[in-house]
Amino acid sequence: MEAKISFLHDGVKGLSEAFNDFQHEITDFMSFTAEHYSDHEQRITAIEKRLK
């Protein structure tokens with residue numbers, strides 16, 4: 001029983017670490033997207049105006 005609890009604890013610890021890594025990566029991605037979204041939106045609007 002003790003071995004199973006230890007195994008479960010290690011699995012949950014690994015899952016927590018993986019989630020923390022994911023959290024950092026998704027935060028970086030969201031920051032990058034927020035910084036560049038308006039620039040892309042302005043470019044698309046300018047292209048649409050030229051096409052009309």
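The values are calculated or read from the model by the stated rules, or taken from the named source; none is laboratory data. None of these values were measured; they are calculated from a predicted model. Heads up: the accessible areas ignore ligands, DNA and RNA and are worked out on the full protein's heavy atoms, side chains in. Shrake-Rupley method; radii C 1.70, N 1.55, O 1.52, S 1.80 Å.
Summary of values
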quantity	calculated
Length added when fully stretched, ASN20-GLN42, from 0.36 nm per residue minus Cα-Cα	4.5 nm
Linear extension gain, LEU51 paired with ASP28, 0.36 nm per residue minus alpha-carbon span	4.8 nm
Accessible area per residue, Å², the chain with all protein chains present, probe 1.4 Å	101
With every protein chain in place, the chain: carbon and sulfur % of accessible area (1.4 Å)	62
Estimated [θ] at 222 nm from DSSP helical runs (n ≥ 4, -39500 (n - 2.57)) normalised by residues in the chain, nearest 500	-36000 deg cm²/dmol
Solvent accessible area, Å² - LEU15, 1.4 Å probe, full protein context	120
